[in-house]
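What follows is a set of notes on a single structure, which appears directly below.
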Amino acid sequence: MRLRTSPAAGRAASSAAGRRGAALLALTVVALLAGCGGSDAPPATDRGRGMLANLPSCDRVPLDTEPEVDSPVTGLVLPDGARVTSVVEQGALTTVEATVRMTPLDVRAHYEGRADIDLLRVEDEVFETEVLTRAQQRRMYLRAAALCADGTTLTAVVGPDSDDAGLPEFQSGS
């Protein structure tokens, strides 16, 4: 027995199947990216850059819509060109929000190349990099997340130089 459906019902069923397929694809990508977590090995740079190139152009994603703020934070070490948009003090911790015209892979390379800081830990998953540094007798946890093809949002939390300072944990949990 074959059911008869109207053209509108057929389009709705086709649209629902498309959404299910897109959702399955998105879940597969998330699972693959999550499986990349926890590795301190260097990223597959060419593949990673190719993946980042699939993001929208930064010309379409404005990086400078929020006003820039100037508030010096001891222990905060950001890449040149970073644009700080928020500084919030919360007890012993200070959270800083910024944007920069770099990819998360470039942010990782930036911190790995610095001689003026102690790099305690680095981890990346192409679209996101996490860094833990020590500078000026303070620790800084930084999360860099891709915003567009060559633009990244930065969230830094700066606190006392201690393992129990209350800084965020690396997302991989390792």
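The values are calculated or read from the model by the stated rules, or taken from the named source; none is laboratory data. Since we're looking at a predicted model, the values are computed, not measured. Note: ideal-geometry Cβ built from the backbone for every residue, glycine included; neighbour counts use all protein chains shown.
Quick notes
- A single member of GLU169, GLU128 is surrounded by fewer than 15 Cβ atoms within 10 Å (Cβ to Cβ) and under 17 Å from the mean Cα position of the chain (by Cα), and it is GLU169.
- Qualifying residue in region 94-106 (condition: in contact with a strand residue (DSSP E or B) (Cβ under 7 Å, 6 or more places away or on another chain), among the β-branched types (Val, Ile, Thr) and more than 19 Å from VAL157 (Cα to Cα)): yes
- Listed by position, the strands (runs of 3 or more DSSP E) inside region 104-174 whose residues that are without any contact (Cβ under 8 Å) to a residue 60 or more places away in the chain and in contact with a Gly (Cβ under 9 Å, 6 or more places away or on another chain) number at least 1 are 128-135, 138-148.
- GLU89 vs. criteria charged (D, E, K, R) and surrounded by fewer than 19 Cβ atoms within 10 Å (Cβ to Cβ): yes
- Residue in region 126-135 that is modelled with pLDDT under 95, in the same structural domain as GLU97 (by TED's automatic domain parsing), of a type in the set (Val, Ile, Thr) and in contact with a Lys or Arg (Cβ under 6 Å, 6 or more places away or on another chain) present: yes
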